1. If we keep just the residues of segment 31-44 that are assigned to a loop (DSSP other than H, G, I, E, B) and open to solvent by less than 40 Å² (accessible area, probe 1.4 Å), which is farthest from Ser166 (Cα to Cα)?
2. Considering segment 102-125 alone, what residues qualify as being of a type in the set (Phe, Trp, Tyr) and closer than 13 Å to Val144 by Cβ?
3. State yes or no: is Val197 of a type in the set (A, V, I, L, M, F, W, C), at pLDDT 95 or above, crowded, with 17+ Cβ neighbours inside 10 Å and assigned to a strand (DSSP E or B)?
4. Is it the case, given these coordinates, that Asp48 is among the charged types (D, E, K, R) and assigned to a helix (DSSP H, G or I)?
5. Please identify the pairs in which a residue from segment 117-142 that is closer than 18 Å to Ala94 by Cβ has its Cβ atom under 7 Å from the Cβ atom of a residue that is open to solvent by 60 Å² or more (accessible area, probe 1.4 Å) and of a type in the set (S, T, N, Q), counting only partners at least 6 apart or on another chain.
6. Checking the conditions here, which among Arg83, Arg114, Arg98, Arg168 is of a type in the set (D, E, K, R), in contact (Cβ under 8 Å) with a residue 12 or more places away in the chain and within 17 Å of Ile195 (Cβ to Cβ)?
7. Return a yes/no flag: does segment 180-187 have any residue that is among the acidic types (Asp, Glu), at pLDDT 95 or above, surrounded by 15 or more Cβ atoms within 10 Å (Cβ to Cβ) and more than 14 Å from the chain's Cα centre (by Cα).
8. On the basis of being modelled with pLDDT of 95 or more, within 23 Å of Pro37 (Cα to Cα) and open to solvent by 40 Å² or more (accessible area, probe 1.4 Å), does Leu67 make the cut?
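The values are calculated or read from the model by the stated rules, or taken from the named source; none is laboratory data. Computed from a prediction, not measured in an experiment: that's the story for all the values here. Here the Cβ positions follow ideal geometry from the backbone for every residue, glycine too, while neighbour counts run over all protein chains shown. The accessibility values were calculated without ligands, DNA or RNA, using every heavy atom of the protein model including side chains. Shrake-Rupley method; radii C 1.70, N 1.55, O 1.52, S 1.80 Å.
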Amino acid sequence: MRSRQIAAAALVLPLLVGVTTAEAATKKKKRPPPPPPVCHLVVDGKDDAKGTGTSMDGQNEPTLDILGADIASNATTLNVVFRMAAVEATPTTAPVGRGWDLSFTVKGQSLVVRSYVSPSATKWADGNGTGKVDAAKNEVRVMVPIAKLSTPFKPGDKITEIRASSWRYVMNDMFGKVDHGDAVKPYLAGQRSCIAVGTV
C-alpha cells in the first residue's frame with residue numbers, strides 16, 4: 001500500500017511543481033511601460049510673426065513669435081504653455097500689449113482660452129485663471145480650472161483642432177493676429193504630458 005502511495009506522489013508532485021512554476025512566471029510578468037508623455041503638440045517656424053490683421057505682412061515681432069505649444073490636463077485643471085522666440089524682448093510693434101489664444105474643440109464645441117499682458121492690465125484665461133511670463137524659458141504659461149470653461153471636459157475626452165495664436169492687444173481688445181501654429185495630433189484629456197499640471 002505504501003509503495004502505491006509513493007508511486008502516486010511521484011506522479012503528482014511534478015504536476016504540482018509545474019503549476020506552481022507557471023503561477024510564479026505569470027506573477028513575474030512585468031506590466032507594460034506607460035506610454036511616453038505627449039510633447040510638442042504644436043510646432044511652428046521661427047521669424048514668421050508678421051501678421052498685421054490685414055492682407056499685408058509687417059515686420060517680424062519676436063515677442064509674439066510662437067515656436068510651439070502644449071496642453072496638459074487632469075480631472076480639474078487645464079495647463080497651457082506657449083513657447084516663444086523672445087518673450088523678454090520689448091515689443092516693437094505691440095507696445096500697448098500682447099495676447100495669446102489657445103483654441104480647441106472638445107465634445108463638439110469650440111473653446112478659446114484667451115490671455116493678455118499689457119501695461120494697464122493683465123488677464124489670464126479670460127479672468128478665470130492664472131499665468132506667468134517666464135523670460136528665462138521664453139514661455140508664457142496659463143492655468144485654468146476646467147469647471148470655468150464654457151464646455152467642461154473630463155479625462156478621456158478627445159481634444160482636437162488645437163491652435164496656439166498670438167495677437168497685439170490694442171484698445172482693450174485683441175487686434176491683428178500675429179502668428180499661429182496648429183497641433184499635429186489631438187490630445188486625450190488627462191493624458192500624461194511633458195508639462196506640469198496644477199502649477200505655472
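1. Leu41
2. Phe104, Trp124
3. No, not satisfied.
4. Spelling it out, it is not the case that Asp48 is among the charged types (D, E, K, R) and assigned to a helix (DSSP H, G or I).
5. Trp124/Thr130
6. Arg83
7. There is no residue in segment 180-187 that is among the acidic types (Asp, Glu), at pLDDT 95 or above, surrounded by 15 or more Cβ atoms within 10 Å (Cβ to Cβ) and more than 14 Å from the chain's Cα centre (by Cα).
8. Yes; evaluated as a whole, the condition is true for this residue.
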